[in-house]
Every structure is written in structure tokens, then in C-alpha cells.
1. Return a whole-number percent for the relative contact order of region 3-104, with Cα pairs under 8 Å and 6 or more residues apart as the contact set.
2. May I ask you to compute the full-extension gain from residue 94 to residue 3, defined as 0.36 nm times their residue separation minus their alpha-carbon distance, rounded to one decimal in nm?
3. Once region 3-104 is represented by equal point scatterers at the alpha-carbon sites, with solvent omitted, what log10 I(q)/I(0) does the Debye formula produce at q = 0.14, 0.15, 0.20, 0.21 Å⁻¹?
4. Quick one: what Rg and Dmax do you get for region 65-105 from the alpha carbons, in Å?
5. Within 10 Å, Cβ to Cβ, of residue 83, how many net charges do the neighbouring residues add up to if Lys/Arg are +1 and Asp/Glu are -1?
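Every read-out reported here was derived from the displayed coordinates using simple, explicitly stated rules and does not represent laboratory data. The shown structure was predicted, so the numbers you read here are calculated from the model rather than taken from an experiment. All Cβ positions, glycine included, derive from the backbone under ideal geometry; neighbour counts span all protein chains shown.
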Amino acid sequence: MRAGKLQSRIQIERHAVLVDDYGNTRESWLKVLTCKAEIKDATTTEFLTGPGEMDNRKAVFLIRYPLVVQITTADRLVMDGKAYNIVGLAEIGRRRGLELRVVAA
């Protein structure tokens with residue numbers, strides 16, 4: 001994995017339920033990791049679909065393997081204010097990198 005290709009800054013967020021001093025609960029997304037990533041389109045068939053399906057854009061993000069946090073499909077990825085649901089994970093090499101398959105939320 002070449003550092004020059006990791007040009008996009010992303011955040012990994014985890015869903016959490018927060019409780020205030022009065023016992024009220026609210027759901028929120030907490031940032032657990034900020035890193036740089038390389039973006040790849042998932043498939044070339046995305047370009048052949050109809051214009052109504054562009055909101056369900058699929059992509060693949062490649063990041064260096066995070067040693068401080070375990071990423072799961074329950075987390076989400078945010079880039080430039082747009083959220084993506086993580087639908088698949090694949091380790092690259094022996095903890096060298098991580099491939100995140102996502103769809104737009």
C-alpha cells in the first residue's frame with residue numbers, strides 16, 4: 001500500500017446510546033478513528049445502472065490496518081460529510097491494510 005494513494009481523509013464512527021444526567025437517552029454516532037484512505041469504485045456495473053440508482057453508490061476504501069480499534073460492519077464511514085454503511089471488511093496481507101466495502105447511507 002503506497003502512502004501517496006491515501007489521499008482522502010475519512011472517519012469511522014460507531015453507534016452509541018448516550019445517557020444524560022437526568023436519565024434521558026439519545027442515539028448518536030461517536031468518532032472512533034480518523035485516517036487517510038484510497039478510494040476505488042466497487043464495480044464497473046455501477047456506470048451501467050439507471051440514473052435512479054446513483055444514490056446507492058458502492059465504493060471500496062483502502063486504509064492502513066488500524067491497531068487501536070476493531071472496525072466492524074456495525075460502524076459507518078464518513079467522508080466529506082457523507083455517511084457510508086460498511087457492508088464488508090477484508091484484511092490485506094498480515095495486518096498491512098484493510099479493505100472497507102461500503103454503500104451510501
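1. Relative contact order comes out at 27 percent.
2. Separation in residues times 0.36 nm, less the Cα-Cα distance, equals 31.0 nm.
3. -0.59, -0.67, -1.03, -1.10
4. Here Rg and the maximum Cα pair distance are 10.7, 31 Å.
5. Here the count lands on +1.
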